[in-house]
1. Given a 1.4 Å probe and every protein chain left where it sits, what share in percent of the accessible area of region 58-170 is carbon and sulfur?
2. As a test question: what accessible area, to the nearest 10 Å², does residue 107 have when a 1.4 Å probe is rolled over all protein chains in place?
3. Leaving ligands, DNA and RNA out of it, rank 45, 133 by accessible area with a 1.4 Å probe, largest first.
4. So how far apart, in nm, are the two label points at residue 133 and residue 147 if each is 7 Å from Cα heading toward Cβ?
5. Rounded, prolate or oblate: pick one for region 31-97, where a ≥ b ≥ c are the square roots of the eigenvalues of its C-alpha gyration tensor, a/c under 1.5 means rounded, and failing that, prolate if a/b is larger than b/c, else oblate.
6. Please go through the residue pairs 32/118; 60/118; 32/95; 60/95; 60/130; 68/130 and name each one whose alpha carbons sit more than 25 Å apart in this structure.
7. Could you go through region 89-104 in sequence order and give the Karplus-derived ³J(HN,Hα) for each residue, using 6.51 cos²θ - 1.76 cosθ + 1.60 with θ = phi - 60°, rounded to whole Hz, and x for Gly and Pro?
8. Counting heavy atoms of the protein chains only and a 1.4 Å probe, report the per residue accessible area for region 32-127 as a whole number of Å².
Amino acid sequence: MTNIRPAQEAQTEMFENGVGMQETDVTTVILKTSRFGEIEIDPTRSLHFPEGILGFPEQKEYVILEHKPGSPFCWLQSMESPDLAFVMVDPLLVKSDFLEGLSPSDRRWFETEDGAAKAVFALVTIPPGKVDRMTVNLLGPLLIDLKTRTASQVILANSGYSHRHPFFPS
């Protein structure tokens with residue numbers, strides 16, 4: 001069964017409705033970042049990447065930060081490294097048929113046995129001074145289990161997708 005939520009809906013669900021949050025005695029922590037300065041974070045909103053992200057296997061704890069209200073973009077900020085943050089977007093905004101036509105071996109990443117909802121995001125690359133040449137990594141999307149707040153980067157090896165899919169149609 002596939003239960004993929006649009007990324008912005010998933011963000012709302014995770015942050016406004018508290019999906020996957022657990023009661024703790026810690027209310028907030030101060031996260032020092034190079035891009036956003038010091039920000040207050042509810043630690044129960046963190047995401048755990050057991051395998052890290054490709055190229056950053058030692059970085060396992062992240063938090064999603066809003067870019068600005070109404071923006072399709074958000075940030076995946078490392079909670080362990082102040083300088084590490086990625087721009088993300090819902091891949092369905094870039095390629096509406098992103099999940100269609102995947103091979104059975106690639107589709108398995110999006111299947112859930114218990115019907116738990118997952119969110120899918122794609123990392124964005126913006127060349128300095130060339131926003132019009134922005135690309136999206138459709139080959140290696142990020143999947144987030146909204147219940148457990150566990151995430152992983154998967155490689156859709158048989159999809160034919162690129163790690164540099166143009167954000168803007170040509």
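1. Summing carbon and sulfur atoms, their accessible area is 54 percent of the total for region 58-170.
2. In the full protein context, residue 107 sits at about 70 Å².
3. 133, 45
4. Here the modelled spin labels are 4.5 nm apart.
5. It is oblate, given that a/c is not under 1.5 and a/b is not larger than b/c.
6. With Cα atoms farther than 25 Å apart: 32/118; 32/95; 60/95; 60/130.
7. 8, 6, x, 5, 6, 8, 9, 4, 9, 3, 8, 7, x, 5, 5, x
8. On a per-residue basis, 50 Å².
The values are calculated or read from the model by the stated rules, or taken from the named source; none is laboratory data. The model shown is predicted, which means the values in this text are computed figures rather than measured ones. As a convention, Cβ positions derive from the backbone with ideal geometry for all residues, glycine included, and neighbour counts pool all protein chains shown. Calculation scope for accessible area: heavy atoms of the full protein, side chains included, ligands and nucleic acids excluded. Shrake-Rupley method; radii C 1.70, N 1.55, O 1.52, S 1.80 Å.
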